[in-house]
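The values are calculated or read from the model by the stated rules, or taken from the named source; none is laboratory data. Everything quoted here is computed from the prediction, not taken from an experiment. Here the Cβ positions follow ideal geometry from the backbone for every residue, glycine too, while neighbour counts run over all protein chains shown. Ligands, DNA and RNA are excluded from the accessible area calculation, which covers all protein heavy atoms including side chains. Shrake-Rupley method; radii C 1.70, N 1.55, O 1.52, S 1.80 Å.
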Amino acid sequence: QLFVRGTRSIMLTELGRKLFALTERQLEIETAARDLLQRARKVEEGHITIGADAAMHALPLIRAFRAKHPAVRFRVISGNSANLIERLEAFEIDFAVVADVPPAANFSARLLREDKLVAFVASDHPWANRSSIKLAELAATPLIMREQGSETRRLIEERFNELGLSPDDVTEIEGREAAREAVVQGLGVGVVSSGEFLQDARLKQISIKDWQATMREWLVCLKSRETLHLIQSMLTVVDETS
């Protein structure tokens with residue numbers, strides 16, 4: 001028996017966990033063998049799949065990589081940080097561009113950028129003409145927040161808790177674009193990193209003067225795969241351009 005089926009979940013048995021560990025190693029060996037054959041042909045070809053919590057952070061990296069290795073093809077998928085790390089561990093993607101480095105030792109990470117967190121409102125919002133606000137004001141107004149697993153949400157909730165602030169009007173919106181449109185429609189105030197704020201006549205960016213938190217974006221891969229030729233080539237591009 002490899003699985004124990006519950007009413008809402010499936011769990012691996014001890015035998016299942018041991019078999020999974022063996023097949024995981026087998027997959028890594030197969031990937032290494034394929035990579036070796038690619039290098040032997042002296043043609044740097046293949047595919048790289050990148051998961052990004054904001055595609056804009058992955059695109060400059062892809063452009064720099066394609067300038068050196070034009071034969072490699074890319075696929076970019078989206079998701080929040082927690083979801084992308086899960087997919088990385090499941091070998092569904094090669095890299096994750098996320099806002100927080102996983103604490104586990106089996107990941108390798110490179111810093112891509114660092115930006116301040118800011119608020120943003122609709123252009124007809126009462127705050128639209130202000131250059132800054134305070135956290136207490138933010139907690140007292142209707143807020144638009146991303147789903148659980150979003151690093152932006154984690155940071156602002158931690159700061160609210162530290163200050164004893166408890167917002168009571170929060171609308172949770174899954175996905176960055178949907179949250180942005182909710183702000184445009186006047187449903188509340190959003191929070192985003194300044195690097196992810198897109199210029200839009202319908203929106204106004206506002207600094208948060210008593211909060212200096214920043215959002216970092218990291219390129220993360222599994223440490224067990226970082227010596228593979230395509231993975232190492234990507235890491236080299238990051239090191240050269242940082």
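Annotations
- Taking the listed residues L84, L22, the one that is under 24 Å from the mean Cα position of the chain (by Cα) and not β-branched (V, I, T) is L84, with no other qualifying.
- Restricting attention to segment 72-81, the residues being over 11 Å from the mean Cα position of the chain (by Cα) and open to solvent by less than 20 Å² (accessible area, probe 1.4 Å) number 1.
- Candidates in segment 126-155 are the residues that are basic (K, R) and in a loop (DSSP other than H, G, I, E, B); of these, the one that is most open to solvent (accessible area, probe 1.4 Å) is K134.
- Top-ranked residue in segment 94-125 [being of a type in the set (V, I, T) and farther than 20 Å from L187 by Cα; ranked as most open to solvent (accessible area, probe 1.4 Å)]: V101
- Within segment 165-214, tally of residues that are without any contact (Cβ under 8 Å) to a residue 60 or more places away in the chain, open to solvent by 40 Å² or more (accessible area, probe 1.4 Å), within 15 Å of L138 (Cα to Cα) and assigned to a loop (DSSP other than H, G, I, E, B): 5
- Residues considered: L111, L84, L88. Of these, the only one that is within 19 Å of V238 (Cα to Cα), in a helix (DSSP H, G or I) and not charged (D, E, K, R) is L88.
- Every pair of residues 6+ apart whose Cβ atoms lie under 6 Å, when the first sits in segment 130-146 and is under 23 Å from A178 (Cα atoms) while the second is open to solvent by 10 Å² or more (accessible area, probe 1.4 Å) and in a strand (DSSP E or B): L143/V170; I144/T171; I144/I173; M145/V170; M145/E172
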